[in-house]
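*Asks:* Below you'll find the structure I mean.
The values are calculated or read from the model by the stated rules, or taken from the named source; none is laboratory data. Note that the structure is a prediction, hence the values are computed from the model and not measured. Cβ atoms come from the backbone with ideal geometry, glycine included; neighbour counts cover every protein chain shown. Just so you know, the surface numbers come from the protein's heavy atoms only, side chains and all, with ligands and any DNA or RNA stripped out. Shrake-Rupley method; radii C 1.70, N 1.55, O 1.52, S 1.80 Å.
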Amino acid sequence: MKPSEFKVAEVEWPAARYAKAVLLADQAQDDAICEASLFKLDRPLGRARFGKSVLLRLGAGSIWEDRRGDLDVRQADADEVRKALRYYARRDGLLSHGRNPELAELDAWSSYAALSGALSGDTEGPVPERREIASAARQCEWLMFSSPWHTRMAAFWDLGIAALWPGRDTIAILAATDSD
């Protein structure tokens, strides 16, 4: 199936709050500078390549369709995404010395679990172990992206991650930028 042949709808994502765990508190509360969204396709992508053309069809706020040529997308693997989330969780603004390393690590794993579909977001649901999260993440396809929505003031303020879950019909997005 070509990317233009599927229909997509944004759906409720109870785990979105966990996906946002790596964000600074002010980012996570401000929908203008962060996005955690889940999209459901009407059928699996099949052999279609998960890339820029698929992201442009989602209607995500962090991906500006009117400036599609300015969307930078690259494939990533699960380990690269985990490292990016760890890095993002540890920073705490330009003038600080960073967040508590143990809490930052927990936040990174929470985001990783939500983005990979390993965490339901249900407060009654089980909390997966790290090896379960890592296994779920390895089954996903990952993209890192940057768009004009990102302020691009400093690379450490901008984040763009998309995960195609193993069923190939669900895509999770986490994006953040600076407020300037």
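*Asks:* Check segment 129-143 and report whether any residue there is of a type in the set (Lys, Arg) and touching a residue at least 24 places away in the same chain (Cβ under 8 Å).
*Replies:* Kept after step one, since they are of a type in the set (Lys, Arg), are these residues of segment 129-143: 130-131, 138.
Imposing the further condition that a residue be touching a residue at least 24 places away in the same chain (Cβ under 8 Å) reduces the set to 138.
Within segment 129-143 (the criterion being of a type in the set (Lys, Arg) and touching a residue at least 24 places away in the same chain (Cβ under 8 Å)), the answer is yes, since at least one residue qualifies.
*Asks:* Within segment 46-64, is there a residue that is among the charged types (D, E, K, R), open to solvent by less than 40 Å² (accessible area, probe 1.4 Å) and modelled with pLDDT under 90? Walk me through how you get there before you give the answer.
*Replies:* Going residue by residue through segment 46-64, those that are among the charged types (D, E, K, R) are 47, 49, 52, 57.
When the remaining residues are screened for being open to solvent by less than 40 Å² (accessible area, probe 1.4 Å), the result is none.
No, segment 46-64 contains no residue that is among the charged types (D, E, K, R), open to solvent by less than 40 Å² (accessible area, probe 1.4 Å) and modelled with pLDDT under 90.
Residues are listed down the side, and each one gets a yes or a no for (1) of a type outside the set (D, E, K, R); (2) at pLDDT 85 or above:
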position	(1), (2)
Asn100	yes, no
Asp107	no, yes
Thr123	yes, no
Met144	yes, yes
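*Asks:* Further question: Report whether or not Leu24 is open to solvent by 60 Å² or more (accessible area, probe 1.4 Å) and at pLDDT below 90. Before you say what the answer is, go through the steps one by one.
*Replies:* Working: open to solvent by 60 Å² or more (accessible area, probe 1.4 Å): no; at pLDDT below 90: yes.
No.
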